[in-house]
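K.L.:
If you scroll down you'll find the structure; I have some questions about it.
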Amino acid sequence: MTHAVSHAPEQGKVGPTLYGGKGTRRITVRDLTQAKERGEKWPMLTAYDAMTASVFDEAGIPVILVGDSMGNCHLGYDTTVPVTMDEMTLLSAAVVRGTSRALVVGDLPFGSYQEGPVQALRSATRLVKEAGVGAVKLEGGERSLAQTELIVQSGIPVMSHLGLTPQSVNAMGYRVQGRGDEAAHQLLRDAKAAQDAGAFAVVLELVPAELAAEVTRSLHIPTVGIGAGSECDAQVLVWTDALGLTSGKLPRFVKKYAELRQVMGEAARAFAEDVVGGTFPQEEHSFH
């Protein structure tokens with residue numbers, strides 16, 4: 001399948017409706033399915049607060065993920081494992097309040113669905129009722145089949161997450177998944193199981209590009225790549241990585257589109273120097 005790159009529609013022309021599109025309603029999972037049928041690619045970014053989410057929403061990003069990556073880049077944890085439902089619910093609600101068009105997907109954190117379908121439905125329902133998300137995401141294909149089926153049957157859209165599943169970092173480590181015939185066949189089975197269970201999309205993280213392309217061709221639901229090559233239907237990045245706020249070495253699959261850490265550091269130093277030097281505040285910043 002040849003995928004057309006989506007751009008904001010030009011005046012008077014009928015074009016893709018996801019990235020940069022205008023509208024008075026939120027993006028739905030049906031819109032994403034139709035984009036797959038048209039061969040239209042779309043972007044997804046993470047967000048963890050209302051202000052950042054509003055920037056991405058105004059930029060036309062159609063899907064925003066409140067990922068459990070908040071553990072690493074927002075809450076100061078070493079991994080995603082410590083993230084709780086309380087934290088996920090609080091920050092997901094903030095993202096929803098900061099958006100009006102994007103489909104907001106909330107992660108189910110580690111320990112919130114592993115006990116079984118009933119626990120999974122309870123956690124998903126909380127994110128929908130208390131935070132207002134439009135969909136939830138959980139890790140695993142065949143191993144999360146019962147959870148996915150019950151959540152979907154209850155009317156809550158589910159995005160599955162395969163390949164490198166960060167919540168299982170203690171078991172698998174941070175390495176490319178799906179290499180070798182057996183691992184590749186299992187990933188393909190997982191993807192089809194997620195689709196059959198009713199998932200509306202599948203995230204493929206740290207998967208060989210050739211395998212991700214095969215999975216994408218095999219499914220009628222969209223694939224969302226992160227370190228999975230260019231043939232996926234969509235791409236996602238953690239926003240602090242993509243905009244240069246994360247310190248230290250970044251994963252190979254990250255492309256930096258800005259250097260916010262440098263910009264913010266320079267601004268903070270400029271403010272401090274003005275205060276220390278007595279040049280801020282000045283008359284225009286004062287009241288009488």
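K.L.:
Mind telling me which of the residues F253, F200 ends up being in contact with a Pro (Cβ under 6 Å, 6 or more places away or on another chain), under 30 Å from D31 (Cβ atoms) and aromatic (F, W, Y)?
P.N.:
On the way: F253 fails: in contact with a Pro (Cβ under 6 Å, 6 or more places away or on another chain).
Within the list F253, F200, the selection yields F200.
K.L.:
With the requirement that a residue be loosely packed, with under 13 Cβ neighbours inside 10 Å and either in a helix (DSSP H, G or I) or touching a Phe, Trp or Tyr at 6+ places or on another chain (Cβ under 7 Å) (or both), what does region 246-271 give you?
P.N.:
The first filter runs over region 246-271 and keeps only residues loosely packed, with under 13 Cβ neighbours inside 10 Å, leaving 247-249, 252, 255, 257-258, 262, 264-271.
Residues satisfying the conditions are Q262, M264, G265, E266, A267, A268, R269, A270, F271.
K.L.:
A further question follows. Please return the ranges of helices (runs of 4 or more DSSP H) entirely within region 59-162 where 3 or more residues are within 13 Å of the chain's Cα centre (by Cα) and under 16 Å from V203 (Cβ atoms). Break it down stepwise before answering.
P.N.:
Numbers: elements: 70-73, 85-97, 117-126, 145-153.
By residue number, no helices (runs of 4 or more DSSP H) qualify.
K.L.:
How many residues are over 28 Å from Y19 (Cα atoms) and touching an Asp or Glu at 6+ places or on another chain (Cβ under 9 Å) if we restrict to region 92-112?
P.N.:
1
K.L.:
Can you find a residue that is in contact (Cβ under 8 Å) with a residue 24 or more places away in the chain, assigned by TED's automatic domain parsing to the domain that holds F56 and closer than 25 Å to I61 by Cβ anywhere in region 112-119?
P.N.:
Within region 112-119 (the criterion being in contact (Cβ under 8 Å) with a residue 24 or more places away in the chain, assigned by TED's automatic domain parsing to the domain that holds F56 and closer than 25 Å to I61 by Cβ), the answer is no, since none of the residues qualifies.
K.L.:
Determine which member of the set D181, D233, D274 is free of Cβ contacts under 8 Å to residues at least 12 places away in the same chain and surrounded by 13 or more Cβ atoms within 10 Å (Cβ to Cβ).
P.N.:
D274
K.L.:
Looking at region 21-58, which of the residues that are among the charged types (D, E, K, R) and assigned to a loop (DSSP other than H, G, I, E, B) is nearest to T216 (Cα to Cα)? I'd like the intermediate steps shown before the answer.
P.N.:
Applying the first criterion (among the charged types (D, E, K, R)) to region 21-58 yields 22, 25-26, 30-31, 36-38, 40-41, 49, 57-58.
Checking the rest, the ones that are also assigned to a loop (DSSP other than H, G, I, E, B) come to 22, 25-26, 41, 49.
Numbers: K22: 27, R25: 28, R26: 25, K41: 12, D49: 31 Å.
This residue is K41.
K.L.:
Is there any pair with a first residue in region 250-271 that is at negative phi and a second that is part of a loop (DSSP other than H, G, I, E, B) and surrounded by fewer than 11 Cβ atoms within 10 Å (Cβ to Cβ) whose Cβ atoms are under 8 Å apart and which are 6 or more apart or on different chains, and what are they?
P.N.:
From residues that are at negative phi, the pairs are R261/S247.
K.L.:
Within the group S230, S218, S286, S247, which residue is polar (S, T, N, Q) and within 18 Å of the chain's Cα centre (by Cα)?
P.N.:
Working: S218 fails: within 18 Å of the chain's Cα centre (by Cα); S286 fails: within 18 Å of the chain's Cα centre (by Cα); S247 fails: within 18 Å of the chain's Cα centre (by Cα).
Criteria check complete, one pass: S230.
K.L.:
Moving on to the next point. Could you check region 214-230 and list, in sequence order, the residues that are of a type outside the set (G, A, S) and in contact with a strand residue (DSSP E or B) (Cβ under 8 Å, 6 or more places away or on another chain)? Even if it seems obvious, please write down each step before you answer.
P.N.:
Initial filter on region 214-230 (of a type outside the set (G, A, S)): 214-217, 219-224, 226.
Hits for region 214-230 are V215, T216, L219, I221, P222, T223, V224, I226.
K.L.:
Within region 188-199, can you find the residues that are of a type outside the set (G, A, S) and either in a strand (DSSP E or B) or crowded, with 22+ Cβ neighbours inside 10 Å (or both)? Lay out the reasoning, then the answer.
P.N.:
Step one: list which residues in region 188-199 are of a type outside the set (G, A, S), which gives 188-190, 192, 195-196.
Listed by number, the list holds a single entry, D190.
K.L.:
So, in region 212-245, of the ones that are among the β-branched types (V, I, T) and part of a loop (DSSP other than H, G, I, E, B), which residue ends up nearest to Y257 (Cα to Cα)?
P.N.:
Let us first name the residues in region 212-245 that are among the β-branched types (V, I, T), namely 215-216, 221, 223-224, 226, 236, 238, 240.
This time we only want the ones that are part of a loop (DSSP other than H, G, I, E, B), so: 221, 238.
Details: I221: 28, V238: 12 Å.
Across region 212-245, the extreme among qualifying residues is V238.
K.L.:
On the given criteria, is Q147 modelled with pLDDT under 95 and not aromatic (F, W, Y)? Full working, then the answer.
P.N.:
Numbers: modelled with pLDDT under 95: no; not aromatic (F, W, Y): yes.
The answer is no for Q147.
The values are calculated or read from the model by the stated rules, or taken from the named source; none is laboratory data. Here the structure is a predicted model, which is why all the values come from computation and not from measurement. Reconstructed Cβ throughout: ideal geometry from the backbone, glycine too, with neighbour counts over all protein chains shown.
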